Amino acid sequence: MKACPDVPATLSAHGLSHAYGRGATRAPVLRELALRFLPGQMTLVMGASGSGKSTLLAALGGLLRPDAGEVKFGANSLWGLAPSLLEQLRKREFAYVFQGFNLFSALTAIEQVALPLRLDGEVRAAARSRAEQALAEVGLDRHLHLRPAELSGGEKQRVAIARALVKHPSVLFADEPTSALDSLNGERVIRLLRELTRRHGTTIVAVTHDPRLKPHADCIVNLCDGVAVAERQGAAS
Amino acid sequence: MLTDLPWVSGSLARATLVHDWRRFLPAILSVAFAGVLMLVQLGLLTGMFGTVTVLVDSIPAQLWVTAPATRSVDETADIPVSLAALIRSDPDILASDVLSLRDASWRSADGQRVAVTLVALSAEAGAPVCPEPMRTQCPMLASPGSVAVDRSEADKLGAVPGASAEIDGHRVRVVALSDGMRSIGTTYVFTSRQTLDDLQAGDAQAADHTSFVLGRIAAGSDAGRVRDDLRKLLPRTTARVWTRAQLSRDSRHFWLRESGVGAGFLFSTTLGLLIAIVITSQCLRGVILGQLREYAVLRAMGIPTRRLALVVVEQAAWIGAVGTVVMWYVVIAVAALAQRCYVPFTLSRGGLLVAGGIGLATAIGSGLLALRGLYRVEPAELLR
C-alpha cells in the first residue's frame, strides 16, 4: 500500500497483525497492515467501531505487542527492544492524548503538566517552568492553578495536550481527542494540535470518528476489519 | 530539599492526601487507633505495675536486701534486722535502715473493714527509707499511733486528716495524705517503725525481723559494684542483695509474666495493628483503583511502575505520620485524664517514639500491600 507523500517516515508499520481471543473465539483486528507516518504531519485513522483503530494506535505507540509484524521508529524496531528500552523510548519520543482526560483531580493544571517531568527526575523549578510554558502554548496561561473540577472539557483536554507535549515528543498519539468536546472546543483543540505539529515538527497519529478533523489532516487512513481500505492525503497538505 | 530529589514524587502524594482527605481519614484514624490502643494499654500496664514497685521507685536507697527467695518486691519474707548493721560495715554504705511490711486489718470510723499493708518507715525526712513524695509526711509519723494513706485510697479507707481508725484493734490517727504512693493489689498504710512495734506488742520475733534492709551509698558510687561486694558479705541462703533498678525491673517483669496480662497486651496490640493494616491498605488500594486511568497515562508516558509505587509509599508514610501525631495527642489527653482521676498511667517518651515508629511502619507496610493494584495498571486499556 502506498503511503501519503513519499518522504522518509518517522514511524512505520509492516505486516502488522493482531487478534483477540483464542481458538474458535479468536477475532483478528489487524490484518498485515503496512503504514507510514511522516514527520510533522497529522495522520487520521478513521473507521467504524471495531475496525481496529485503537489496537493499531496501541501497537504503534508501544503499548500493545502485536501478534505479528514490525513497527519501526527511525532505525529501531519497537517490539524488538527490551521492555526497559521501549519504556525509555516511550518516555523520550512518544506522547499520548486519550479520550478521557485522565487528569489527577487533586493537581492543578501546572502540577498535572509538571508531574511526568518530576517523576522523570527533573527538579521542581525547571519542571514548573517548562509546564508553565507548555500551558501558555495551549492558551491556558491564566488557568495554571485551577484543578480539573474548575476547568471546562476543552480546557481539560488542552491540559492533557500540554502534558503530552511538554517533553517535545517526536510522535503524539491521540485517541478520539475531540469526541468529548462540543464543536467550539473540538475545533479549538484541532487547530491547536495542527499548530503545535507545525511549530515543533511533531508527528500526530490520531484515531477519530470526528469528521471535523478531516480538513486539518495531512493524511487519512480508513480502516475496515483491520485492513486499510483507503488512504488519501487530507485537505491540509 | 527532600522534594527535589529525583525519585520523590511529593506533589502528587501530598496533593492527593490534602485534596481527598476524606478518603484517607479512615486510614489515618486506624493508624492512630492502633497506636492509642497500644499506648493506652502499655500506659495502664506500666502504670499498674509501676504501683507494684512504687516503694522501690520512690525510696531513695540504692541497695535493697530481701529474703533469698524473693522474686518480686511484693513477695516479702522476714530477714533479721541485724543485717542493717552488717551492711553498714561496708565502707561504701553511708547509711542503712529497715523497711517493714505487715498485713493488717483497717477499720474505719464507720465500721468498714479493709485489708491493708502497713509500711513502717523511719519518721525522718532524710532517712534512707522515706519515699521522695512523702518528705513532708514522714516527720508527721513520729508521733505514736500516727498513720498516712494515699489520697487515691482515702475514700476507700474513710480517711481524712485528723480522723481516727483502728488497725488490728488499736486506735490510730490519720495525720496526712500522700500523693503517688498507690499500689495495685494492696492498700498501703504508712506508719513509723515505733508505731508498728506498738501495734505488734508482744510479738518478740516480729521486732527482730523486717521485710527489707536498705542501704544508701555515696553519690557517684557504682551500685552494681557495691551490690556485688555485699553479696560476698551476706550468705546467699540468708538474704539477697539487689540494686534498686534491678529489683524494680525484675518485679515488673515478674508481674508481666505471672499475671498473663503481657500476653493479653501483645494479642490486643497485634489485633489493633492488623486492623490498621487492613483498613489502611484497603483505603490506599481504593485510591489507587480510583486513579487507575491517571496512573495508566503516566505508565504510557514511560514512567516506570516503581516510580509510581513511590507515590503510594509516600502517601502511606504521610498517613502514618499524621496518624502518629493524632495518636500522640489522644494518648497525652488520656494520660492527663488518668492523672486527674488518680488512675495509674505511665507514659514515656520512648514509648511514644516506639509507637510512632510502629504506626509509620504499619502504614508503609499497608502501602506496600496496596501496590498490587498499581501493578494492574495497563496503559493499552486506555485505548479500549
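Spacing of the modelled spin labels on residue B:231 and residue A:68, each 7 Å from Cα toward Cβ, amounts to 8.6 nm. Of the DSSP H helices in chain B, those that are both long (alpha-carbon extent of 30 Å or more along the helix axis) and hydrophobic (Kyte-Doolittle mean at least 0.5) are B:21-52, B:261-290, B:305-340, B:349-374. Can you compute the modelled spin-label distance between residue A:168 and residue B:22, with each label point 7 Å from Cα toward Cβ, in nm? Modelled inter-label distance: 4.4 nm. Entry note, the stretch A:1-143: relative contact order of 18 percent, from Cα contacts under 8 Å with a spacing of 6+ residues. Rg/Rh for the stretch A:1-118 (Cα atoms only, Rh after Kirkwood) is 1.01. Here the Karplus curve 6.51 cos²θ - 1.76 cosθ + 1.60, taken at θ = phi - 60°, turns the phi angles of the stretch A:219-226 into couplings of 8, 10, 10, 9, 9, 9, 6, x Hz, with x standing for Gly and Pro. Each residue of the stretch B:64-73 is assigned a 3J(HN,Hα), and the resulting list reads 10, 10, 10, 5, x, 8, 5, 10, 9, 4 Hz, derived from the Karplus form 6.51 cos²θ - 1.76 cosθ + 1.60 (θ = phi - 60°), x at Gly and Pro. Remark: A:84, A:54 ranked as A:84, A:54, counting other beta-carbon atoms within 10 Å and listing the fewest first. When chain B is treated as a Gaussian network with alpha carbon springs shorter than 10 Å, the biggest mean-square fluctuation among B:165, B:85, B:300 belongs to B:300. For the stretch A:11-233, the gyration tensor built on C-alpha atoms gives a prolate shape. Its axis ratio a/c (a ≥ b ≥ c) is at least 1.5, and a/b is the larger of a/b and b/c. Take every DSSP beta bridge whose two residues both sit in chain B; close to 75 percent of them are antiparallel. Out of every Cα-Cα pair that the protein assembly as shown contains, those further apart than 48 angstrom amount to 45 percent. Of the beta bridges in the stretch A:115-237, as assigned by DSSP with both residues counted there, near 55 percent are antiparallel.
In this structure, the amide hydrogen of residue A:98, modeled 1.01 Å from its nitrogen in the peptide plane, lies closer than 5 angstrom to those of A:175, counting only residues at least 5 positions away or on a different chain.
Calculated [222 nm] ellipticity per residue, helices only, for the protein assembly as shown: -14000 deg cm²/dmol; basis is -39500 (n - 2.57) per DSSP H run with n ≥ 4, divided by all residues, nearest 500. Using the Stokes-Einstein relation with a Kirkwood hydrodynamic radius computed over Cα pairs, the translational diffusion coefficient of the stretch B:68-238 at 25 °C and a viscosity of 0.890 mPa s comes to 145 µm²/s. Sorted largest first, the principal axis extents computed over the alpha-carbon atoms of the stretch B:286-384 equal 66, 20, 16 Å. Beta bridges from DSSP with both residues in the stretch A:11-233: antiparallel share about 55 percent, rounded to the nearest 5.
Amide H to amide H, with H built 1.01 Å from N, residue B:188 comes under 5 Å of B:117, B:183, counting only residues 5 or more places away or on other chains. Charge dipole of chain A (Cα centre as origin; +1 on each Lys and Arg Cβ, -1 on each Asp and Glu Cβ, all else neutral): 180 debye, rounded to the nearest 20. Taken one residue at a time, the phi angles of the stretch B:103-110 give Karplus couplings (6.51, -1.76, 1.60, θ = phi - 60°) of 6, 8, 10, 9, 10, 7, 4, 8 Hz. Gly and Pro are set to x. Ranked for footprinting exposure by Cβ neighbours inside 10 Å, fewest first, B:249, B:306 give B:306, B:249. Spin-label model, residue B:266/residue A:212: points 7 Å from Cα along the beta carbon direction are separated by 6.9 nm. Exposed loop sites were defined as trypsin sites (Lys or Arg not before Pro) in DSSP loop states (anything but H, G, I, E or B) carrying at most 15 other C-beta atoms within 10 Å; in chain A the longest segment without such a site runs A:27-141.
Between the beta carbons of residue B:238 and residue B:321, assuming R0 = 56 Å, the FRET efficiency works out to 0.50 to the nearest 0.05.
Oblate is the label for the stretch B:58-138. Its Cα gyration tensor axes, ordered a ≥ b ≥ c, give a/c of at least 1.5 and b/c at or above a/b. Kirkwood-type hydrodynamic radius, chain B: 24.6 Å, calculated from all non-identical alpha-carbon pairs.
Work out the P(r) tail for the stretch A:111-207: percent of alpha carbon pairs separated by more than 19 Å, whole number. It works out to 39 percent of all Cα pairs. Look at the Cα gyration tensor of the stretch B:26-163: its axes a ≥ b ≥ c give a/c of at least 1.5 with a/b at or below b/c, and that counts as oblate. As a rough footprinting exposure proxy, the listed residues B:89, B:221, B:192, B:248 were ranked by other beta carbons within 10 Å of their own, and the order from fewest upward is B:89, B:221, B:248, B:192.
Only the coordinates and a few stated rules stand behind these numbers; no lab work does. Treat the numbers as computed from the prediction; the structure is a model and nothing was measured. Cβ sites come from the backbone with ideal geometry, for glycine too, and all protein chains shown count toward neighbours.
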